[in-house]
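Quick one: the structure is below, questions incoming.
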Amino acid sequence: MIAVLAPRTPLEQKAAVVRAIEARGFQVVVHERADATTRIGVVGSGAKELGSLLGAMPGVAEVRPHSTPYPLVSREDHPGETRVRLGDQRARTARIGGKEIAVIAGPCAVEHREQILTAARYVAELGCDALRGGAYKPRTSPYSFQGLGEAGLDLLAEARAETGLPIVTEVVAPEDVDVVAEKADCLQIGARNMQNFRLLQAVGGQPRPVLLKRGMIATLDEFLHAAEYVLAHGNPNVILCERGIRTHERATRNTLDVAAVPWLKSRTHLPVIIDPSHACGVRELVKPLALAGIAAGADGIIVETHPEPAKALSDKEQALTRDDLRDLMRGLGPVAEAVGRGRPERMARSAG
Ligand code: PEP
Ligand code: MN
C-alpha cells in the first residue's frame, strides 16, 4: 500500500505518518518525488487495514494499493539503482551496480590451501573485483565432494587477507548462516535454494550482501518474489544472478536467458549479473556468453576458474584457466564500453 502525501507536506506530518506505520510493525519506504509529493510505501502482510487510519492523517492526499507484488525490489518506489558494496572485512571494496561492470571469479569449490590461494592471486592480478569459492557445496549426488565446510571458509579468509579480494561463498542451510556471515563478504544462495524460504529469511536477517541465483526452473516473477523475501526480512543488499535455466536443449548444461537481464533491469533497482559458467557448462562458451550478458545490460559476471581445471573436484569442464580468464577480461572492456558502461582501468591493464 502507498500513502501519497500532498506537495510540501510539513516534515512533522511526514514523520507522524512514518511513525504510525512503523508502530504497527510494518516497513516503510519513503520516496520524495520530483513533483514535490512524497510517496510512503507500506510493506508487510495485512497492511490494507492501515488504509483508513492513514487516509485520515494530515498531509495524506491518497492511499492506494501497490501495483506490484514485490514493492521492495520493484522500481515503483525506488527510481534509482541500488549499488551493493562487498567487503568491509578488511577487504578492498567492490561495488556491484552503477556504471562499471564487476567481475567475480574463482573456483567452483575451495579444495585445498594451495588451490584457493593460487586462484585468488591470479584473480586479483587480472583485475577482478571479488573471489568466489564454495565451502558448502550443494551436489546432486551424496557421494560427490560436498565442500570443506568451515575449514573452507577459513581458507577463503586467508585468501582475502593476502589479496584484499572480498569473498563470495554459498550458504546452503539456515543453521550455517551465522558462521558464513561471520567469515564471508557476500552470501550466495544457489539455484537449488532459490525458493528455500527459511534460508531466504535467514539471509534477510543478517548484515552481509546476498547474491541470489535464479532457480533452474524458476520464472522471473518467482525470482523477484524470492528477492522480496530477503528485503522483507531486512536486508536491502541483494544482487540477482541469471545462471541459465533448464530447457529442452541438452547440448549445453543450461540455457542462458539473456532476455532475463533487460527484463529484470526494467523492473527492479537491484543489480543483475550473469553466471555464464553454470549457464553453459563448457569452458569454450563462457566468454561469448559473458559478453552477451554484458551487452544485454548486466552489471557484471560471476565465473568459475581453476588453476588446474583437469584436477577440479567439481565443475571441471566449465572452469576457465588463468589464461582463459585473462582473455575474458580483455574481451569485457570493449563490450562494456560499447554499451556505455565505461572501460574500467583495471580491464585495460589486464589487456596490456
Ligand atoms: C555454484 O555457483 O557453484 C553453484 C552451485 O551454482 P548454481 O547454484 O547456480 O548451480
Ligand atoms: Mn560450480
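The values are calculated or read from the model by the stated rules, or taken from the named source; none is laboratory data. On a predicted model such as this, the values are computed, not experimentally measured, just so you know. Cβ atoms come from the backbone with ideal geometry, glycine included; neighbour counts cover every protein chain shown. SASA here: full protein model, heavy atoms, side chains in, ligands and nucleic acids out. Shrake-Rupley method; radii C 1.70, N 1.55, O 1.52, S 1.80 Å.
For (1) over 14 Å from Arg92 (Cβ atoms); (2) within 16 Å of ligand 1 (Cβ to nearest atom); (3) in contact (Cβ under 8 Å) with a residue 60 or more places away in the chain, each residue gets a yes or a no:
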| residue | (1), (2), (3) |
| --- | --- |
| Arg139 | yes, yes, yes |
| Thr169 | yes, yes, no |
| Val172 | yes, yes, no |
| Glu175 | yes, no, no |
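Only residues in the stretch 217-238 that are polar (S, T, N, Q) count as the first member; pair them with residues that are part of a helix (DSSP H, G or I), Cβ under 8 angstrom, at least 6 apart or cross-chain, and list the lot.
Asn235/Val203; Asn235/Gly204
Residues in the stretch 311-347 that are in a helix (DSSP H, G or I) and within 16 Å of ligand 2 (Cβ to nearest atom): how many?
Result for the stretch 311-347: 6.
Select from the stretch 192-208 the residues that are under 26 Å from Arg160 (Cα atoms) and open to solvent by less than 10 Å² (accessible area, probe 1.4 Å) and write down the one among them that is farthest from ligand 2 (Cβ to nearest atom).
Residue satisfying both the conditions and the ranking: Gly204.
Looking only at the stretch 46-72, count how many residues are within 20 Å of the chain's Cα centre (by Cα) and under 26 Å from Leu11 (Cα atoms).
2
Working only within the stretch 304-329, note down all residues that are of a type outside the set (A, V, I, L, M, F, W, C) and within 16 Å of ligand 1 (Cβ to nearest atom).
Once the filter is applied, which keeps residues that are of a type outside the set (A, V, I, L, M, F, W, C) and within 16 Å of ligand 1 (Cβ to nearest atom), the stretch 304-329 yields Glu304, Thr305, His306, Pro309, Ser314, Asp315, Lys316, Glu317, Gln318.
Separate question: State whether one or more residues within the stretch 284-303 are more than 14 Å from ligand 1 (Cβ to nearest atom) and in contact with a Ser or Thr (Cβ under 8 Å, 6 or more places away or on another chain).
Scanning the stretch 284-303 turns up at least one residue that is more than 14 Å from ligand 1 (Cβ to nearest atom) and in contact with a Ser or Thr (Cβ under 8 Å, 6 or more places away or on another chain).
Within the stretch 202-209, is even one residue closer than 28 Å to Gly293 by Cβ and out of contact with any Leu (no Cβ under 8 Å at 6 or more places or on another chain)?
Within the stretch 202-209, none of the residues are closer than 28 Å to Gly293 by Cβ and out of contact with any Leu (no Cβ under 8 Å at 6 or more places or on another chain).
Does any residue in the stretch 99-117 that is charged (D, E, K, R) come within less than 7 Å, Cβ to Cβ, of a residue that is within 16 Å of ligand 1 (Cβ to nearest atom) and assigned to a loop (DSSP other than H, G, I, E, B) six or more places away or on a different chain, and which pairs are these?
Qualifying pairs under 7 Å: Glu111/Leu313.
Moving on. Only one of (1) farther than 30 Å from Gly331 by Cβ; (2) at pLDDT 90 or above; (3) among the polar types (S, T, N, Q) fails for Gln115. Which number is that?
(1)
Another question, then. Identify the residue in the stretch 16-52 that is open to solvent by less than 40 Å² (accessible area, probe 1.4 Å) and in a helix (DSSP H, G or I) and, among all such residues, is nearest to Arg64 (Cα to Cα).
Selected residue: Gly51.
Now for a different question. Using beta carbons and a limit of 8 Å, which pairs, at least six apart or on different chains, have the first residue in the stretch 3-25 and closer than 15 Å to Val63 by Cβ and the second one polar (S, T, N, Q) and modelled with pLDDT of 95 or more?
From the stretch 3-25, the pairs are Leu5/Gln13.
Can you tell me which residue within the stretch 123-148, out of those that are away from ligand 2 (no atom under 16 Å from the Cβ) and open to solvent by 10 Å² or more (accessible area, probe 1.4 Å), is nearest to the chain's Cα centre (by Cα)?
Asp129
Residues checked against (1) aliphatic (A, V, I, L, M); (2) in a helix (DSSP H, G or I):
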residue	(1), (2)
His225	no, yes
Gly234	no, no
Ile239	yes, no
Thr247	no, no
Arg253	no, no
Ser266	no, yes
Glu284	no, yes
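Of the residues Glu249, Glu182, Glu242, which is under 23 Å from Pro107 (Cα atoms), open to solvent by 40 Å² or more (accessible area, probe 1.4 Å) and either more than 16 Å from ligand 2 (Cβ to nearest atom) or touching a residue at least 40 places away in the same chain (Cβ under 8 Å) (or both)?
None of the other options fit; the residue is Glu182.
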